[in-house]
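Following: one structure in structure tokens, then a few remarks.
Throughout, read-outs are computed from the coordinates displayed, never taken from laboratory work. Quick caveat, the model's predicted, so the values are computed rather than measured. Cβ: placed from backbone, ideal geometry, glycine included. Neighbour counts: every protein chain shown.
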């Protein structure tokens with residue numbers, strides 16, 4: 001599984017990345033988590049704001065910090 | 001980085017039908033000018049229509065959204081329904097008494113009325 005956290009690096013982005021990494025660790029899912037900070041790369045996803053979470057190419061959340069439980073649901077489906 | 005450098009807080013997402021008539025283009029121009037004036041941020045309805053996940057999810061997650069359709073065909077509204085995006089504020093320009101035509105001659109008076117109506121629709125939601 002390929003997970004990307006989009007965001008230039010403010011505390012909200014960092015918290016999102018932390019939640020994602022913890023959700024992956026808790027569930028034991030085999031996933032690669034990547035932080036994308038390059039604005040041109042972020043723009044390719046067309047998101048209205050950041051942080052955003054992308055799982056296997058599908059944008060799952062935009063402009064908010066998703067809760068760990070919510071992330072767990074996405075990655076264990 | 002600032003505390004909330006990437007938070008979209010306070011941003012109103014503006015979606016316009018941008019259709020092939022005077023009212024479609026009035027919707028588009030109103031969205032452009034409201035964006036330039038800092039009222040909100042025009043966003044790509046085409047991306048939502050294409051069901052691109054970044055666009056659809058952005059529309060679902062944004063706190064404020066206003067949708068401007070030119071006429072009662074309601075193309076924008078239908079696109080959002082297909083994408084299962086809830087609509088919070090909505091207006092149809094022909095309901096304001098602006099007659100639909102194919103001349104594309106937009107006038108400033110109509111444009112200012114539309115911009116005012118968009119702001120009003122957001123206040124009422």
Here the FRET efficiency for residue A:56 versus residue B:72, based on Cβ atoms and R0 = 45 Å and rounded to 0.05, is 0.65
Measuring from the longest principal axis of the C-alpha atoms of chain B, the long axis of helix B:22-36 (C-alpha) lies at a number of degrees, nearest 10, equal to 40
Label model pair residue A:30, residue B:82: point-to-point distance (7 angstrom along the Cα→beta-carbon line) in nm is 3.8
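Which whole-number percent gives the relative contact order of the stretch B:12-120, counting Cα pairs below 8 Å spaced six or more residues apart? The partial results should precede the final answer.
Values: 182 pairs, mean separation 38.0, N = 109.
Dividing the mean separation by the residue count of the stretch B:12-120 yields 35 percent.
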Two pseudo-spin positions, 7 Å from Cα along C-beta at residue A:15 and at residue B:41, lie apart in nanometres by 1.9
GNM of chain B, Cα pairs under 10 angstrom: of B:103, B:51, B:82, the biggest fluctuation goes to B:103
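Using a Förster radius of 30 Å, what is the FRET efficiency between residue B:51 and residue B:100 based on their Cβ-Cβ separation? Nearest 0.05, please. Intermediate values should be presented prior to the final figure.
On the way: r = 28 Å, r/R0 = 0.93.
For residue B:51 and residue B:100, the calculated efficiency is 0.60.
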FRET efficiency for residue B:107 and residue A:41 from the Cβ-Cβ distance with R0 = 45 Å, rounded to 0.05, comes out at 0.60
For chain A, percent of DSSP beta bridges that are antiparallel (nearest 5) comes out at 60
GNM on chain A, Cα springs under 10 Å; top mean-square fluctuation among A:64, A:18, A:44 goes to A:44
